[in-house]
Every structure is written in C-alpha cells, then in structure tokens.
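*Asks:* For reference, the structure I am asking about is given below.
The values are calculated or read from the model by the stated rules, or taken from the named source; none is laboratory data. Since the model is a prediction, treat every value here as computed from it, not as a measurement. Note that we place each Cβ from the backbone using ideal geometry, even for glycine, and neighbour counts take in every protein chain shown. To get the accessible areas, we keep the full protein, side chains included, count just its heavy atoms, and leave off ligands, DNA and RNA. Shrake-Rupley method; radii C 1.70, N 1.55, O 1.52, S 1.80 Å.
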Amino acid sequence: MSSIGKSINQFINEQQNKTDSNSDDLSGLIADIASACKKIAHLVNRSAITGIGGASASENVQGEVQKKLDIITNDVMVEQLNHHGHLAAMISEEIEDIIQIPEHLPKGKYLIAFDPLDGSSNIDINISVGTIFSILRCSDASREVRSDDFLQAGTEQICAGFCVYGPTTMMILTTGNGVNGFTLDSEIDEFVLTHPDMTIPEDAAEFAVNISNQRFWESSVQRYINECIQGVDGEREKNFNMRWVASMVSDVYRILIRGGIFLYPLDTKSANSSGKLRLMYEANPMSFIVEQAGGLSTTGYQRIMDIKPTDLHQRVPVILGSKNEVERIIRYHQEDKLS
Ligand code: P6P
C-alpha cells in the first residue's frame, strides 16, 4: 500500500525498527522537531504582519548581524526540544556555547545541532528560508555535556533533516534508510509524506554557486565552473544552467528533485579560507541527506562526513550533488595537486 499521505509520526514509527535501537526516543525527538518547524513556519509566514522581520541589534558567533527571527526561531527550537527528555544538549548557529538541558528537566541520549533559520537574510525579500538539523548520540548524558561530545564525524549522525519555508512548507528527512519528503498539510496541521525515497540524478546540467566570489577560488573550481559556463563551446558535452537562491535549503532541495551541483568552495576571502558554511549544522546534515539520496558531498579534497570536527562552529568548503559532477570536480582537485 502506498505510504503517500502518511503522517510523519506514523512513517517514523514504522521506520523505527530500522534505525536506532531504542528509536521510540528518536521518533519522539523528530516529532518535537516537526512541532518546532510548524511554529517557525507560522512565524516566518506572518513576519511582515507581526513586525519580526528585519535586523536585531546583536551579532551571532559568526559575527553576522542577527535577524530578529534568527533569535526568535532559535528560542522556539530550544523551548520545543527542552522538555521531553530526548536530548542531553543542543548547539545552535545562533549561540556560541553548548545549550545544556536545565537541571529540573529530564535528559535523554541524543545531541542535536541546528541552524534555526538558514538563509534568514532572504526573509526581507520574501525568498524561502529553512531550518537544518543533525542528530548524534551522546556517549555520557549523566554529566554536563562537553564540546568533545559533539565533535563527532558526520558518519556518526543517526538522523538529519531540513525544513524549507517556501511556497509549501516541507521537511526532508533521513534516518539512514534513504530520504523522504513531507509536506505540511495546513488543513490538518501535519507533515504528510509526499516525496518517498528521494534520489538525486547522477548527471546534471545545473550548477549553484555565488559566482561573485570567483576570483577567490582555487584553480580546480575555476576550471570546473568555467567549463560549465562554456558548455558545448568548451570541454563539456552539454550546456549548463545556473541557479543561486542564497538559501542552502532551497538549493539542496532543488538538487534532490532534479539534480545539480552546489558549491560554497574553499576561498581566500573567508576566514582561514575555509568557505562560509558550518560543518556541524549545515554541511554534515546536508551531506548525510545528499549521500542517502545517491549523491556525493566533498570539500574537494575529502568526504565531508569523514571530517573529525575540531570546533563546534567550524566552517568547511562544500561541494555536493549529482554523483558524476562531484566526481569530476574531485578529479580536477586531484589533477591540480599533481600539477
Ligand atoms: P552568500 C545563508 O546565509 C547561507 O548560510 C546558505 O544558506 C547559503 O547557501 C549561503 O549562506 C549564501 O551565501 O555568500 O551567497 O550570501
């Protein structure tokens, strides 16, 4: 029987024997995340009416001016995830330190890293934004959680997902058994399965990059993008199209639907040249999803999910998407090293 239309809770409960051993906890945590995302969708949708769009007076750990909604949505996530005893601690793009579970509340065995409102600079121009999350196991929840508890390679993730707050609100989820897409049905206020078993086409003719950074890239990335631009007039057998939403959730969702390659590569403009995107709550969860959908995700030099993190908010270069295009750019990096 088709699972289309099944609620996310029903679907996850049916999946639960395939993932974490006591995964009733995991399905409870996912249900809490879904509840938080429904609240965030509502806040985003009404932000111009309620006056919570626009910038706040503060900066986040990245030194970026925080939008009011960055702070509000961070608080929605923390408030929603604090109470049901699924988590030992949290980290957020918006908060420098680990968010411990308050003493008077129950603790659980999972850790979550999230970006509560990715692409928030798009809020004021009414372009899709999203929430990205990554779930890890906590080795010892009996004590205060430390940074090194979080600093696990992406291969240790047991669940990852993102929500897109766009023309429709969607949650894309993996627990290590493929990728499934759920659409928020506003009539029943439930996420329902609409995109089962999402897979990324191995070939693509669409690239996503902020090309204004081109002068800062390595030669292998310059070579790849120039060849895409030249199409059949150059080395490639086809012509390419370009899309750049400047909202990772939207660019990655498009790649899940029709293939493509997304790049925020190593560049000499960014601090220690490691690009802009954060490993723990952007690159790792998106890499888990992309790989589970049959794509690849690399820094150009190594698989992103193999990176052993050294800092909660570290940045990494990100190149992900259709297998054959990512393999080509990896080859260019290798040839570059040999030349
Ligand atoms: P740029 C949003 O700020 C974000 O973190 C990602 O969602 C997006 O892909 C990227 O940064 C956009 O960066 O430099 O084009 O504004």
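*Asks:* Looking for something out of contact with any Ser or Thr (no Cβ under 9 Å at 6 or more places or on another chain) and surrounded by fewer than 23 Cβ atoms within 10 Å (Cβ to Cβ) - is there at least one such residue anywhere in the stretch 290-303?
*Replies:* Scanning the stretch 290-303 turns up at least one residue that is out of contact with any Ser or Thr (no Cβ under 9 Å at 6 or more places or on another chain) and surrounded by fewer than 23 Cβ atoms within 10 Å (Cβ to Cβ).
*Asks:* Then there's this: If I filter the stretch 88-95 for residues that are open to solvent by 30 Å² or more (accessible area, probe 1.4 Å) and either of a type in the set (A, V, I, L, M, F, W, C) or assigned to a strand (DSSP E or B) (or both), do I get at least one hit?
*Replies:* There is at least one residue in the stretch 88-95 that is open to solvent by 30 Å² or more (accessible area, probe 1.4 Å) and either of a type in the set (A, V, I, L, M, F, W, C) or assigned to a strand (DSSP E or B) (or both).
*Asks:* Right, another one. Please identify the pairs in which a residue from the stretch 262-286 that is more than 23 Å from Met198 (Cα to Cα) and at pLDDT below 90 has its Cβ atom under 7 Å from the Cβ atom of a residue that is among the charged types (D, E, K, R) and more than 9 Å from the ligand (Cβ to nearest atom), counting only partners at least 6 apart or on another chain.
*Replies:* Qualifying pairs under 7 Å: Ser270/Arg315; Ser273/Asp267; Ser274/Arg315; Gly275/Asp267; Gly275/Arg315.
*Asks:* Looking only at the stretch 259-288, count every residue that is under 19 Å from Ile330 (Cβ atoms), more than 12 Å from the ligand (Cβ to nearest atom) and not in a loop (DSSP other than H, G, I, E, B) and tell me the total.
*Replies:* 6
*Asks:* Can you tell me which residues in the stretch 308-325 are farther than 17 Å from Phe262 by Cβ and under 16 Å from the mean Cα position of the chain (by Cα)?
*Replies:* Matches in the stretch 308-325: Leu312, His313, Gln314.
*Asks:* Here's another thing I want to ask about it. Open to solvent by 50 Å² or more (accessible area, probe 1.4 Å) and at pLDDT 95 or above, is that true of Ile257?
*Replies:* yes
*Asks:* What are the residue pairs meeting all of these: first residue in the stretch 83-111, first residue in contact (Cβ under 8 Å) with a residue 60 or more places away in the chain, second residue assigned to a loop (DSSP other than H, G, I, E, B) and of a type in the set (Asp, Glu), Cβ atoms under 6 Å, and 6 or more apart or on different chains?
*Replies:* If the second residue must be assigned to a loop (DSSP other than H, G, I, E, B) and of a type in the set (Asp, Glu), no pairs are left.
*Asks:* Let me ask something else about it. Being among the small types (Gly, Ala, Ser) and closer than 21 Å to Lys38 by Cα is the filter; apply it to the stretch 90-138 and report the residue that is nearest to the ligand (Cβ to nearest atom).
*Replies:* Here the answer is Gly119.
*Asks:* Report those strands (runs of 3 or more DSSP E) wholly inside the stretch 139-250 carrying at least 1 residues which are within 16 Å of the ligand (Cβ to nearest atom) and open to solvent by less than 20 Å² (accessible area, probe 1.4 Å).
*Replies:* 159-165, 169-174, 206-208
Here is a yes/no grid of residues against (1) open to solvent by 50 Å² or more (accessible area, probe 1.4 Å); (2) not in a strand (DSSP E or B):
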site: Val78; (1), (2): no, yes
site: Leu105; (1), (2): no, yes
site: Leu111; (1), (2): no, no
site: Pro116; (1), (2): no, no
site: Ser121; (1), (2): yes, yes
